[in-house]
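Input: a single structure, listed below in structure tokens.
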Amino acid sequence: MDRSARLYERARRAVASGVNSPVRHYDPYPFFAERASGGAVWDADGRRYVDLCGAYGAMLLGHRNAAVVSAVSRQLRRGTLYCMPTAGETELAELISRDYPSMRRVRLVNTGLEATMAAIRLARGHTGRPKIVKFDGCYHGAHDYALVRAGSGVAHYGLADSAGSLRAAARQTRLARYNDAASLEAAMDDGVAAVIVEPVMANMGVIPPRRGFLRSVARIARSHGALLIFDETVTGYRLGRGGAQGAYGVRPDITTLGKALGGGLPIAALGGRRDVMESLAPMGPVYEASTFAGNPVSVAAAIASVREAARLGARMYARLDRECAALASSVSDAAASRGIVHTVNRAGSMFQVFFSDAPVTDRDSAMAADRARFARLAALLRERGVFVPPSQFEASFLCHAHTRADLARATRAYGDAMGGLAR
Ligand SMILES: *Cc1c(COP(=O)(O)O)cnc(C)c1O
């Protein structure tokens, strides 16, 4: 029995349901992480894995990025929490507004969940309307407003939503089909406060928007007087410094950022139009608050990470795009050469393979893929020293710190694993 197995047995007796977030579990038990560096992670038995999970996209720069580590160390010597305003919070807000011109005012929170929950409440409070429209399969965090036909672990475990969620909240949530503007038009009326969308779906595998789809979403939301919320928790600082809104040229009213913003520390943000954001308390009537919001350690990490993304700039993003395209096409070739029916979707440095013969463009087509086969692929990759998120409904991510050797190893592992699947 290896150490991870023993650690898991012990965790089962102390940690609720064995893990602190559902997607971390896979059968028969997950390996326990011991440390990570650059583009790799080591398990409790000393095995090294090329990390294509990258903390679900948060580790854009890789683990233990030098600029992030030194900023955090400097801040640790000056204290970890004051709950008083700091200059760093303003500096970070200024940097975010520079990279995301639609985010004229910024509020810092701790997690993507908080950011989208506040954004939805803000939209309701600002417009005085009760409803929101979300897209089937988009995931916006584990709170009642958004746990309606959500992706990620909710889809993985076959839960339509969550037990205990308020039906009253779900009744105010309308659904539209991703990549289908007509379905959005049909869901709209004058009671809709906001349309919220992941501009690239990253929680049903990877599903990019069809050409013109995001522009149609913006036009339809506006024609009904609803606000447009881009949930860029994954895509922010990932698809480029300016996120999906920069890449696709669509300006939302409210944006949420998370994951890659903090260089691996917990921090997220919402921001948007000045008039909308000023509806937040204390100046406005919409309440949102947190003890740890804007905590100086996370802020220091985020400033370092955002500055590093600016320094590395378009060249880093172009290289990640090229490397991910190359990996995705070699994965596809490996499957094709063994006669395995598949589809590979990609956006920038994130990709996912589906065992399906039809294009994957929305939740229904993602659900039609062979998920058991994907779970076998993930297990075969682990045996070959490559860690990908163990669920079909997540994305794999490249990071700045992956070396040529890491990418070569991943390419080889996918090739061998496809061979194993074909047998
Ligand atoms: C991860 C995620 C969230 C939730 O963020 P947490 O930090 O896990 O609360 C929200 N929206 C999207 C698109 C995400 O991928």
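Since every read-out is calculated from the coordinates, none of them should be taken as a lab result. Only a predicted model underlies this, so the values are computations on that prediction, with no experimental measurement involved. All Cβ positions, glycine included, derive from the backbone under ideal geometry; neighbour counts span all protein chains shown.
Given contacts defined as C-alpha pairs under 8 Å and at least six residues apart, what's the relative contact order of the chain, whole-number percent?
Numbers: 873 pairs, mean separation 94.2, N = 423.
For the chain, the relative contact order is 22 percent.
GNM on the chain, C-alpha springs below 10 Å: top fluctuator among PHE397, PHE32, PHE374?
Ranking PHE397, PHE32, PHE374 by mean-square fluctuation puts PHE32 first.
If amide H atoms are built 1.01 Å from N in the plane of the peptide, which residues on other chains or at least 5 residues away come under 5 Å of the amide H of MET201?
So MET201 has HN proximity to ILE207.
Can you list residues whose amide H is under 5 Å from LEU61's amide H, if they're 5+ apart or on another chain and H is modeled 1.01 Å from N?
Result for LEU61 returns HIS400.
Quick one: putting +1 on the C-beta of Lys and Arg, -1 on the C-beta of Asp and Glu, what dipole do you get for the chain around its Cα centre, in Debye to the nearest 20?
Working: 55 positive and 38 negative charges, 111 e Å.
Dipole of the chain, to the nearest 20 debye: 540 debye.
Extending each Cα 7 Å along its Cβ direction at GLU94 and ARG315, get the distance between those two points in nm, one decimal.
For GLU94 paired with ARG315, the spin-label model returns 2.6 nm.
Order these by the 10 Å Cβ neighbour count, fewest first: THR235, THR127.
THR127, THR235
Taking Cα centroids, how far is segment 352-419 from segment 212-270 in Å?
26
Can you tell me which of MET367, MET84, MET201 moves the most in a GNM of the chain? Springs connect C-alpha atoms under 10 Å apart.
Sorting by GNM fluctuation, first place goes to MET84.
Give me the dipole magnitude in Debye, nearest 20, for segment 122-268 about the Cα centre, with unit charges on the beta carbon: positive for Lys and Arg, negative for Asp and Glu. Walk me through the intermediate numbers first.
Numbers: 18 positive and 11 negative charges, 47 e Å.
Computed about the Cα centre, the dipole is about 220 debye.
Counting other C-beta atoms within 10 Å, which of ILE229, ILE340, ILE303 has the fewest, and how do the rest follow?
Listed from fewest to most nearby Cβ atoms, that is ILE340, ILE303, ILE229.
Show me the trypsin sites (Lys or Arg not before Pro) within segment 152-223 that DSSP assigns to loop and that have at most 15 other Cβ atoms within 10 Å of their Cβ.
ARG210, ARG211
For the chain, build the charge dipole from Cβ charges (+1 Lys, Arg; -1 Asp, Glu) around the Cα centre, then report which of HIS63, SER21, VAL234 sits farthest towards its positive end.
It is HIS63.
Can you check how the C-alpha radius of gyration of segment 118-166 compares to 2.2 N^0.38 Å, as a plain ratio?
On the way: Rg = 11.6 Å, N = 49, 2.2 N^0.38 = 9.7 Å.
So segment 118-166 has a normalised radius of gyration of 1.20.
Determine one quarter of the surface area of the Cα convex hull of segment 214-306, which equals its mean projected area, and express it in nm² to one decimal.
That works out to 6.6 nm².
For an R0 of 35 angstrom, estimate the FRET efficiency from the Cβ-Cβ distance between GLU278 and GLU34 and round to the nearest 0.05. Present the calculation step by step, with values, prior to reporting the outcome.
On the way: r = 46 Å, r/R0 = 1.33.
The formula returns an efficiency of 0.15 here.
Considering Cα pairs under 8 angstrom that are at least six residues apart, work out the relative contact order of segment 205-352 and quote it in whole percent.
Normalised by residue count, the contact order of segment 205-352 is 24 percent.
Is it possible to state the helix-based mean residue ellipticity at 222 nm for the chain, with each DSSP H run of 4+ residues giving -39500 (n - 2.57), the sum divided by total residues, to the nearest 500 deg cm²/dmol? What is it?
So the calculated ellipticity at 222 nm is -12000 deg cm²/dmol.
DSSP loop (so not H, G, I, E, B), at most 12 other Cβ within 10 Å: list which chymotrypsin sites (Phe, Trp or Tyr not before Pro) in segment 33-123 pass both filters.
Counting only loop positions with at most 12 other Cβ atoms within 10 Å, the chymotrypsin sites (Phe, Trp or Tyr not before Pro) in segment 33-123 are TYR82.
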